Amino acid sequence: MDPAKFAALVGGFFLLSFGLAAYRQFFRVLGLAAGLALWVVTRHFLVTLPGLREHPGATSILLLIFFSGAGMLLVTKFRGVLSFLCGFGTGVILAGMGPSWLAGSPAPPMEAVSLFSNPDPLNILVGLAGGVLYLLFEPFFAVFLTASLGAFLCAWALQGRWIFPACLLLGVLVQPLVHWKLKREGKNGDRD
């Protein structure tokens with residue numbers, strides 16, 4: 001098997017099983033990544049400012065801590081906006097690529113980029129509806145989003161007609177059970 005397809009299959013099965021647990025950490029990791037990226041871009045400029053250039057090592061470490069914390073704080077503060085964008089993107093991708101997957105002619109993953117560069121008005125409406133529904137029912141749609149992504153990766157790797165809907169159903173059923181089991185074990189572990 002092609003290494004890229006094998007990696008997609010492993011990632012897909014991970015998302016089908018542990019997607020909800022991974023989603024709960026997604027916003028923190030996203031904020032941390034945004035803070036680190038901003039630190040990498042600005043650190044050389046900020047370290048050369050007057051008063052800071054005498055202590056470049058300490059300044060660099062303090063800026064790293066500041067940008068990481070600020071990124072995590074800002075992303076959690078604007079979580080509603082990011083949740084809407086997640087729902088919007090999921091709606092556009094499923095409206096644009098879902099029929100081809102169900103028809104048995106899977107499109108390559110990079111075709112999803114073309115859905116945003118040359119949008120169909122119907123896909124935009126489905127995306128807007130997805131964004132609003134995502135805000136209202138975030139826990140359910142978090143399961144659906146991660147299961148959809150996992151099913152998409154598995155369907156691309158395995159190239160079967162019924163792989164996408166079967167994996168999507170499997171992910172929607174398995175993720176809450178795995179999350180409940182992990183949560184229950186965490187509570188029992190705290191008592192020991």
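For residues that are among the charged types (D, E, K, R) and without any contact (Cβ under 8 Å) to a residue 12 or more places away in the chain, tally how many sit in the range 35-87. Quick ask: steps written out before the conclusion?
We begin by selecting, within the range 35-87, every residue among the charged types (D, E, K, R); these are 43, 53-54, 77, 79.
Applying the additional criterion that residues be without any contact (Cβ under 8 Å) to a residue 12 or more places away in the chain yields 53-54, 77.
Qualifying residue count, the range 35-87: 3.
Checking the range 129-138 against the condition returns no match, with no residue being within 14 Å of Phe13 (Cβ to Cβ), at pLDDT 80 or above and of a type outside the set (Asp, Glu). Applying the condition of being of a type in the set (Val, Ile, Thr) and within 20 Å of the chain's Cα centre (by Cα) to the range 59-93 and asking which residue is modelled with the highest pLDDT yields Val81.
Considering only residues that are among the basic types (Lys, Arg) and surrounded by fewer than 16 Cβ atoms within 10 Å (Cβ to Cβ), look in the range 19-71 and name the one that is nearest to Leu149 (Cα to Cα).
Within the range 19-71, the first condition is being among the basic types (Lys, Arg), and the residues that meet it are 24, 28, 43, 53.
Filter once more, so that each one left must be surrounded by fewer than 16 Cβ atoms within 10 Å (Cβ to Cβ): 24, 28, 53.
On the way: Arg24: 16, Arg28: 20, Arg53: 46 Å.
Once the filter is applied, the top-ranked residue is Arg24.
All told, Arg53 falls short of being basic (Lys, Arg) and in a helix (DSSP H, G or I).
The values are calculated or read from the model by the stated rules, or taken from the named source; none is laboratory data. Remember, it's a predicted structure, so these values are computed and weren't measured experimentally. Heads up, the Cβs are rebuilt from the backbone with ideal geometry, glycines too, and the neighbour counts pull from every protein chain shown.
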